[in-house]
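K.L.:
Sharing a structure, written as C-alpha cells. Questions coming.
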Amino acid sequence: MSMLLGKGALKDLNPVTTAGSMQVKVNFARTVEGNKDLSDDAIREQLYTRAGGIRYGTARLIDYPAQYDDIIYRFADFNAGMYSSRNAAFQSQLADLSGQKLDLDGDLLSYDKNAEAIDFETQSLKAMLAFGATNDISSWTVHRNSRREKDENFEETASWKEVRAAWEKKTGKKPAYAIMPDVKLNSPKLMKTRSTSWFANSVKTHYQACRSRN
C-alpha cells in the first residue's frame, strides 16, 4: 500500500510525515475534524490502527468534492495528489492553446515535502501567465488562481474558466473535466517503471472485483 502516497515518490516515503496501511500524511489526518490539537505521535498512533487506516484513508480518497465521472480519477488522485486528474485536463487544454509541451502531472505549482507551494515558476504557471497576458487576466490574478489548484474553488477562478472557454472555442469540443495524470512511479521495489495510470487501473480492477462479490 506504500504506493498510495503520491507524485511518484515511492522511495521517499517518510515515517515522520506518513503512516498507516494507506500511507496517509500526518498533516492531512490533522485536518480531519477533532484532530487539530493532537500531536503527530497521537495522530500516527491512530493511523497505525485498522480503524484509523480505514477512516483517514477513506477520507483522503473520497472526502472532497470533484465532478469525476469515473472513480478511477479518485484512485489516480490518491497517488498523484488531490485534484491532479482535474488539473491534468486543465494542463492539457493550456498546452493546446499555448503550443507548449507541458508535463500533465496535475501540479500547476511546485511543492516541498510538506506539500507547501514553493516560489518557483513551473512551465504550467508560465503558460498560465502567458495566457493571462493575452486574455486580460493580470499576473496577480493568475498567481492567486494557481494557489487554489488543490481546492474545488479553482473551478471558480478566471484562469480555469477562460482557458476552458478558449479551448472549447478553438476546438468546438466540450473540454474534459479530468484526464489521467502522467506521473511515473520509481521505486527499487518495482521491477520496472510504473505510472499513476498503472496504479489507478490496478486499484480499480481490485475495486470492481470486490464489488462483484456482493
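K.L.:
Which of the residues that make up the stretch 66-92 are touching a Phe, Trp or Tyr at 6+ places or on another chain (Cβ under 7 Å), more than 21 Å from Phe28 (Cα to Cα) and buried (at least 24 other Cβ atoms within 10 Å of the Cβ)?
P.N.:
The one that is touching a Phe, Trp or Tyr at 6+ places or on another chain (Cβ under 7 Å), more than 21 Å from Phe28 (Cα to Cα) and buried (at least 24 other Cβ atoms within 10 Å of the Cβ): Phe90.
K.L.:
I'm trying to understand the selection: among the residues of the stretch 160-187, which are over 19 Å from the mean Cα position of the chain (by Cα), polar (S, T, N, Q) and closer than 26 Å to Phe75 by Cα?
P.N.:
Ser187
K.L.:
Which condition from (1) touching a Phe, Trp or Tyr at 6+ places or on another chain (Cβ under 9 Å); (2) on the phi > 0 side of the Ramachandran plot is the one that Ser146 breaks?
P.N.:
(2)
K.L.:
Scan the stretch 33-44 for residues that are surrounded by fewer than 18 Cβ atoms within 10 Å (Cβ to Cβ) and among the aliphatic types (A, V, I, L, M) and jot them down.
P.N.:
Restricting attention to the stretch 33-44, the residues satisfying the condition of being surrounded by fewer than 18 Cβ atoms within 10 Å (Cβ to Cβ) are 33-42.
Leu38, Ala42 - these are the residues of the stretch 33-44 that are surrounded by fewer than 18 Cβ atoms within 10 Å (Cβ to Cβ) and among the aliphatic types (A, V, I, L, M).
K.L.:
Does Phe28 satisfy the condition of being in contact with a Lys or Arg (Cβ under 7 Å, 6 or more places away or on another chain), assigned to a helix (DSSP H, G or I) and at pLDDT below 80?
P.N.:
Numbers: in contact with a Lys or Arg (Cβ under 7 Å, 6 or more places away or on another chain): yes; assigned to a helix (DSSP H, G or I): yes; at pLDDT below 80: yes.
Against the criterion (in contact with a Lys or Arg (Cβ under 7 Å, 6 or more places away or on another chain), assigned to a helix (DSSP H, G or I) and at pLDDT below 80), Phe28 qualifies.
K.L.:
In this structure, is Ser197 among the small types (Gly, Ala, Ser), touching a helix residue (DSSP H, G or I) at 6+ places or on another chain (Cβ under 9 Å) and not assigned by TED's automatic domain parsing to the domain that holds Asn27?
P.N.:
Working: among the small types (Gly, Ala, Ser): yes; touching a helix residue (DSSP H, G or I) at 6+ places or on another chain (Cβ under 9 Å): yes; not assigned by TED's automatic domain parsing to the domain that holds Asn27: yes.
Spelling it out, Ser197 is indeed among the small types (Gly, Ala, Ser), touching a helix residue (DSSP H, G or I) at 6+ places or on another chain (Cβ under 9 Å) and not assigned by TED's automatic domain parsing to the domain that holds Asn27.
K.L.:
Considering the stretch 31-53 alone, what residues qualify as being in contact (Cβ under 8 Å) with a residue 12 or more places away in the chain and either in a helix (DSSP H, G or I) or among the hydrophobic types (A, V, I, L, M, F, W, C) (or both)?
P.N.:
Of everything in the stretch 31-53, those that are in contact (Cβ under 8 Å) with a residue 12 or more places away in the chain and either in a helix (DSSP H, G or I) or among the hydrophobic types (A, V, I, L, M, F, W, C) (or both) turn out to be Val32, Asp40, Ile43, Arg44, Gln46, Leu47, Arg50, Gly52, Gly53.
K.L.:
Same structure again: Can you confirm whether the stretch 206-214 contains a residue that is among the polar types (S, T, N, Q) and in a loop (DSSP other than H, G, I, E, B)? Walk me through how you get there before you give the answer.
P.N.:
Of the residues in the stretch 206-214, the ones among the polar types (S, T, N, Q) are 208, 212, 214.
Checking which are in a loop (DSSP other than H, G, I, E, B) leaves us with 214.
Yes; the residues of the stretch 206-214 include at least one that is among the polar types (S, T, N, Q) and in a loop (DSSP other than H, G, I, E, B).
K.L.:
Taking the condition of being under 11 Å from Ala176 (Cβ atoms) and modelled with pLDDT under 95, how many residues in the stretch 64-95 meet it?
P.N.:
0
K.L.:
Sticking with this structure for a sec: Is there a residue in the stretch 101-116 that is in contact with a Phe, Trp or Tyr (Cβ under 8 Å, 6 or more places away or on another chain), under 27 Å from Tyr64 (Cα atoms), part of a loop (DSSP other than H, G, I, E, B) and touching a residue at least 60 places away in the same chain (Cβ under 8 Å)? Give the steps one after another, and end with the answer.
P.N.:
Within the stretch 101-116, the first condition is being in contact with a Phe, Trp or Tyr (Cβ under 8 Å, 6 or more places away or on another chain), and the residues that meet it are 106, 108-110.
Filter again for under 27 Å from Tyr64 (Cα atoms), leaving 106, 108-110.
Retained after the next criterion (residues that are part of a loop (DSSP other than H, G, I, E, B)): 106, 108-110.
So of that shortlist, the ones also touching a residue at least 60 places away in the same chain (Cβ under 8 Å) come out as 106.
Yes, the stretch 101-116 contains a residue that is in contact with a Phe, Trp or Tyr (Cβ under 8 Å, 6 or more places away or on another chain), under 27 Å from Tyr64 (Cα atoms), part of a loop (DSSP other than H, G, I, E, B) and touching a residue at least 60 places away in the same chain (Cβ under 8 Å).
K.L.:
What are the pairs with Cβ atoms under 6 angstrom where one residue, in the stretch 148-169, is over 19 Å from Lys126 (Cα atoms) and the other, located anywhere, is of a type outside the set (Gly, Ala, Ser) and assigned to a loop (DSSP other than H, G, I, E, B)? Sequence gap at least six, or different chains.
P.N.:
That search, which allows pairs on different chains as well, returns Glu152/Pro65; Glu168/Pro175.
K.L.:
Taking Ser159 as meeting all but one of (1) more than 16 Å from Thr196 (Cβ to Cβ); (2) part of a helix (DSSP H, G or I); (3) in contact with an Asp or Glu (Cβ under 7 Å, 6 or more places away or on another chain), write down the number of the exception.
P.N.:
That leaves (3) as the condition not met.
K.L.:
Right, here's the next one. For the stretch 106-135: of the residues being more than 14 Å from the chain's Cα centre (by Cα), of a type in the set (Gly, Ala, Ser) and within 15 Å of Arg148 (Cβ to Cβ), which is surrounded by the fewest Cβ atoms within 10 Å (Cβ to Cβ)?
P.N.:
Within the stretch 106-135, the first condition is being more than 14 Å from the chain's Cα centre (by Cα), and the residues that meet it are 112-114, 118-135.
Those still in the list that are of a type in the set (Gly, Ala, Ser) too: 124, 127, 130, 132-133.
Remaining after also requiring within 15 Å of Arg148 (Cβ to Cβ): 124, 132.
Values: Ser124: 26, Gly132: 21.
Checking each candidate, the answer is Gly132.
The values are calculated or read from the model by the stated rules, or taken from the named source; none is laboratory data. Predicted model, so just to flag it, every value in this text is computed and none were measured. Virtual Cβ from ideal backbone geometry, glycine too; neighbours counted across all protein chains shown.
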